[in-house]
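Pasting a structure here, questions to come.
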Amino acid sequence: MWCQRLTWLLRGWHGSTGHRWPWLSRASRPVLAAPARCHPTAPVSPCCAWQLHQDHLELRYGSTVMRLDFVWLRDHCRSASCYNAKTNQRSLDTASVDLAIRPQAVRVDESTLFLTWPDGHVTRYGLEWLARNSYEGQKQQVMHPRILWNAEIYRQAQVPSVDCRSFLETDEGLKEFLQNFLLYGIAFVENVTPTKEDTEILAERISIIRETIYGRMWYFTSDFSRGDTAYTKLALDRHTDTTYFQEPCGIQVFHCLKHEGTGGRTLLVDGFHAAEQVLRRSPEHFELLAKVPLKHEYVENVGGCHNHMIGVGPVLNVYPWNNELYLIRYNNYDRAVINTVPHDVVHRWYHAHRALTAELRRPDNELWVKLKPGKALFVDNWRVLHGREAFTGYRQLCGCYLTRDDVLNTARLLGLQA
């Protein structure tokens with residue numbers, strides 16, 4: 001499959017529990033243990049075997065070994081009295097479930113698990129549904145499929161820009177744009193009228209615009225109107241934005257309206273690709289960057305703008321069940337005093353940070369793009385770092401931040417995995 005995954009599975013099947021296949025010896029089985037059963041099925045149906053333990057059901061379906069807590073099995077019942085299929089919401093009061101509940105009877109056929117509870121209620125689960133939704137099944141899934149890239153990979157992919165009219169007026173154009181964005185973390189729209197108003201219309205096609213301390217839509221020039229290096233003509237090293245927010249902004253939109261001068265190319269780096277290289281070469285560095293919390297802050301006292309914002313979180317943020325990276329918080333400009341890390345960890349953290357920085361600064365990972373009037377760029381600020389080279393003359397950009405949930409919602413409504 002051409003879509004490359006970035007996921008790192010936790011090792012083993014809970015090796016610390018001591019549960020392995022084949023089943024436990026007879027002497028060590030719990031009182032209610034039932035013999036393992038494997039029902040003959042059609043060739044396309046995986047073989048199933050199960051065993052009751054003191055507080056959970058152990059179920060093997062194909063290559064997936066699931067350990068399903070009895071309370072979990074009762075809580076997730078999809079019967080009409082427990083779950084509203086019209087609203088896709090739970091009706092059962094979870095707090096009413098006896099925490100010591102155990103099924104009175106268990107039966108498995110070719111495709112379904114049947115559980116009869118002490119009050120006579122029967123819960124039915126499709127085995128495929130359990131395999132997908134169990135903890136063990138989720139460890140094998142990727143939440144957000146993506147293609148990791150360096151400059152050469154991205155150029156060879158020849159990812160097309162989407163025409164502004166197609167983007168605004170057709171589902172096909174919008175879907176193509178969002179698919180590119182989800183896979184690569186960047187996407188372009190061409191032939192946009194170079195005004196702030198038209199850029200705003202473009203952004204609102206996929207999301208609500210996120211209002212921040214910078215306003216709703218902003219003009220961006222080198223007038224130092226805000227207390228930030230970005231409002232100068234200086235070069236900017238690669239970074240993600242708003243690391244000092246508790247929830248960094250999800251998507252950033254850039255549109256160059258005018259540039260009368262030289263330089264000013266935009267730098268883009270796939271942070272997830274760099275993080276994967278760190279994982280492969282130094283797993284201990286990746287783990288440290290994913291666990292150590294840091295403060296980032298923004299202190300501003302310019303004109304009428306007075307802000308002091310602090311965001312806390314590790315550089316790398318991963319889903320704990322499958323170790324899949326979903327957010328990188330990297331900004332050397334805004335990183336605050338490191339006072340959340342004990343002395344016996346901080347030096348190791350600096351080594352890990354240096355390893356990631358070296359990957360982010362590798363020349364073959366740098367994609368340089370010259371933004372021009374009419375070409376709008378959307379950047380996944382949770383994944384792709386951006387920067388710029390120094391420039392001369394007058395350069396004006398406009399843009400905004402978008403709410404991540406709304407962008408992903410738009411994608412899902414179009415049938416994309418997001």
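Conditions first: (1) more than 30 Å from GLN179 (Cα to Cα); (2) within 36 Å of the chain's Cα centre (by Cα); (3) at pLDDT 95 or above. GLN89 passes all but one, so which condition is the exception?
Unmet for GLN89, out of (1) more than 30 Å from GLN179 (Cα to Cα); (2) within 36 Å of the chain's Cα centre (by Cα); (3) at pLDDT 95 or above: (1).
Need pairs with beta-carbon distance below 7 Å; first residue open to solvent by 10 Å² or more (accessible area, probe 1.4 Å) and within region 397-418, second small (Gly, Ala, Ser); sequence gap 6+ or separate chains.
So the pair list comes out as THR403/SER207; THR403/GLY250; ARG404/GLY250; ASP406/SER207; LEU408/ALA418; THR410/SER207; ARG412/ALA418; ALA418/ALA411.
Let me confirm something: among GLN246, GLN252, which residue is assigned to a loop (DSSP other than H, G, I, E, B) and not charged (D, E, K, R)?
The unique qualifying residue is GLN246.
I'd like the residue in region 156-196 that is of a type in the set (D, E, K, R) and either touching a residue at least 40 places away in the same chain (Cβ under 8 Å) or outside any helix (DSSP H, G or I) (or both) and, out of all such residues, is nearest to LEU371 (Cα to Cα).
Looking at the filtered set, the residue picked out is GLU190.
Enumerate the pairs (first residue in region 348-374 and over 17 Å from VAL384 (Cα atoms); second residue anywhere and open to solvent by 30 Å² or more (accessible area, probe 1.4 Å) and acidic (Asp, Glu)) with beta-carbon separation below 7 Å, excluding pairs fewer than 6 apart on the same chain, so at least 6 apart or on different chains.
Final answer for the pair search is GLY374/GLU190.
To keep it simple, each residue is scored yes or no on (1) modelled with pLDDT of 90 or more; (2) among the hydrophobic types (A, V, I, L, M, F, W, C).
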| residue | (1), (2) |
| --- | --- |
| LEU267 | yes, yes |
| ASN301 | no, no |
| GLY304 | no, no |
| ASN322 | yes, no |
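Do we have any residue at all in region 96-115 that's assigned by the TED database to the domain that holds LEU68, without any contact (Cβ under 8 Å) to a residue 24 or more places away in the chain and assigned to a helix (DSSP H, G or I)?
Among the residues of region 96-115, at least one is assigned by the TED database to the domain that holds LEU68, without any contact (Cβ under 8 Å) to a residue 24 or more places away in the chain and assigned to a helix (DSSP H, G or I), which makes the answer yes.
Another one. Among (1) of a type in the set (D, E, K, R); (2) crowded, with 18+ Cβ neighbours inside 10 Å; (3) under 30 Å from PRO363 (Cα atoms), there is one condition ARG155 misses while meeting the rest; what is its number?
If we test ARG155 against (1) of a type in the set (D, E, K, R); (2) crowded, with 18+ Cβ neighbours inside 10 Å; (3) under 30 Å from PRO363 (Cα atoms), just (2) comes out false.
If you take the residues of region 173-216 that are among the hydrophobic types (A, V, I, L, M, F, W, C) and surrounded by fewer than 17 Cβ atoms within 10 Å (Cβ to Cβ), which of them is farthest from VAL162 (Cα to Cα)?
It comes out as ILE213.
Restricting attention to region 242-274, which residues are of a type in the set (Phe, Trp, Tyr) and either under 20 Å from ALA151 (Cα atoms) or without any contact (Cβ under 8 Å) to a residue 60 or more places away in the chain (or both)?
PHE254, PHE272
May I pose another question? Is one or more of the residues making up region 313-331 farther than 30 Å from TYR154 by Cβ and among the aliphatic types (A, V, I, L, M)?
no
Go through region 327-350 residue by residue and tally those that are open to solvent by 30 Å² or more (accessible area, probe 1.4 Å) and either within 22 Å of GLY263 (Cβ to Cβ) or in contact with a helix residue (DSSP H, G or I) (Cβ under 7 Å, 6 or more places away or on another chain) (or both).
Adding up the residues that qualify gives 4.
While we're here: Is there any pair linking a residue in region 275-291 that is aromatic (Phe, Trp, Tyr) to one that is open to solvent by 20 Å² or more (accessible area, probe 1.4 Å) and in a helix (DSSP H, G or I), with Cβ under 7 Å and at least six apart or on different chains, and which?
Close Cβ pairs (under 7 Å, with a partner that is open to solvent by 20 Å² or more (accessible area, probe 1.4 Å) and in a helix (DSSP H, G or I)) amount to PHE286/LEU279.
Taking region 231-258 on its own, how many of its residues are closer than 22 Å to GLU197 by Cα and modelled with pLDDT under 90?
So the answer is 1.
While we're here: Looking only at strands (runs of 3 or more DSSP E) that lie completely in region 276-337, which have at least 2 residues being β-branched (Val, Ile, Thr)?
Filter on region 276-337 gives 294-302, 305-313.
Any idea which residue in region 356-372 is farthest from the chain's Cα centre (by Cα), counting only those that are buried (at least 20 other Cβ atoms within 10 Å of the Cβ) and in a helix (DSSP H, G or I)?
My answer is ASN365.
Taking region 384-396 on its own, how many of its residues are open to solvent by 10 Å² or more (accessible area, probe 1.4 Å) and closer than 24 Å to ALA151 by Cα?
The qualifying residues number 5.
Also, I was wondering about something else. May I ask you to list the residues in region 130-155 that are part of a helix (DSSP H, G or I) and of a type in the set (S, T, N, Q)?
ASN133, GLN138
OK, next. Can you tell me which residue is nearest to TRP321 (Cα to Cα) among those in region 281-309 that are of a type in the set (Asp, Glu) and open to solvent by 40 Å² or more (accessible area, probe 1.4 Å)?
Checking each candidate, the answer is GLU287.
The values are calculated or read from the model by the stated rules, or taken from the named source; none is laboratory data. All figures in this text were calculated on a predicted structure; none of them were measured in a lab. Don't worry about glycine lacking a Cβ; one is built from the backbone with ideal geometry, like all the others, and counts go over all protein chains shown. Accessible surface areas use protein heavy atoms only, side chains included; no ligands, DNA or RNA. Shrake-Rupley method; radii C 1.70, N 1.55, O 1.52, S 1.80 Å.
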